[in-house]
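Report on one structure; see the data block that follows.
Taken together, the values in this text are just the output of simple stated rules run on the coordinates, not laboratory data. Nothing here was measured: the structure is a model prediction, and the numbers come from that model. Cβ placement follows ideal geometry from the backbone for every residue including glycine, while neighbour counts extend to all protein chains displayed.
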Amino acid sequence: MDKALYVAMTGARATLQAQGTVSHNLANADTAGFKAALANTVSYRVPGGTHASRIDAMHVDQGFNSRVGAQRVTGNPLDVSMRPDRWLAVQSPDGGEAYTRAGNLSLTPNGQLVTGGGHPLVDENGQPFALPPHQALDIGHDGTVSIIPLGEGPQTMAVIGRLRVVEAAPDRLARGLDGLMRNTTPDQPFAQAPGEVMATGTLEASNVDAAGALVQMIQLQRQFEMQVKLISRGDENAQSANSLLRLGG
């Protein structure tokens, strides 16, 4: 009976953790470039030497769904949509390099180019990308940024830099608590992606399937209720067994 209670208890804990993952996905169903988090449950034998051990139901993080989200045309020159396996490099809060596919860019009052989450984009040299005063801006498909200086004509358009865009396979990326991706093998830095790396005037939507996530949430809720009932029934059986033992004594 003790083993059954242990399995049900750890299963309920893993189910709650899975619900947290699904809730996080649903909360980001409208976040540009968001990749749905994946979760699963595996059995894990608790080490017990030569003695019989318990089986733990353990929640595991299986990374993220790398499927490209739906494309939405906006016409905004600061909106970019990344090609498959292409990631915008940004400066993370700790000063390191991190990656995102959130292409809803904006300019700060001092001309710094940032993501919708406020993370500074960096250039090919890893420095925060800042623009001088201008009256028009164009981001090329290869990540180059061109401007027409304030008060000048179209013939004065000039390239001022190139955004750092890397090519990275999903299995080499892990999401941090701040929502940004990091290189899982930092001793092997990502290279600048060649050729066309993005489309401009479009946004990649979140790849979260909201309807599917709601169904999954209901299934997890029913699973949790079943596990709690099993725990309760096991406790009742243990109390009944104790009562019989006392009567027999």
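With 0.36 nm allotted per residue and the present C-alpha distance subtracted, the V228-A211 stretch has 3.5 nm of extension available. For the chain, the longest principal axis of the Cα atoms and the long axis of helix 210-248 meet at an angle of about 20 degrees. Each Cα pair under 8 Å and six or more residues apart adds its sequence gap; the mean of these over the residue count of the chain is a relative contact order of 27 percent.
The C-alpha atoms of the chain define a longest principal axis, and helix 2-27 lies at about 20 degrees to it. The percentage of C-alpha pairs in the stretch 55-139 whose separation is greater than 20 Å is 44%.
Judged by the mean number of other Cβ atoms found within 10 Å, the most tightly packed of the peptides 173-182, 148-157, 196-205 leads the ranking 196-205, 173-182, 148-157.
Phi angles of the stretch 101-111 translate, via the Karplus equation with coefficients 6.51, -1.76, 1.60 and θ = phi - 60°, into HN-Hα couplings of 10, 6, x, 7, 7, 8, 10, 7, x, 8, x Hz per residue; Gly and Pro are given as x. Three principal axis extents describe the C-alpha atoms of the stretch 1-104; from largest down they are 65, 27, 23 Å. For the chain, the mean projected area of the C-alpha convex hull, equal to one quarter of the hull surface, is 18.8 nm². If you average the alpha carbon positions of the stretch 24-86 and of the stretch 214-234, how far apart do those two centres end up, in angstrom? So the separation of the two Cα centres works out to 22 Å.
Can you give the local net charge around L163? Use residues other than it whose beta-carbon is closer than 10 angstrom to its beta-carbon, Lys and Arg +1, Asp and Glu -1. Local net charge: -1.
As a ratio to 2.2 N^0.38 Å, the alpha-carbon radius of gyration for the stretch 71-204 is 1.03.
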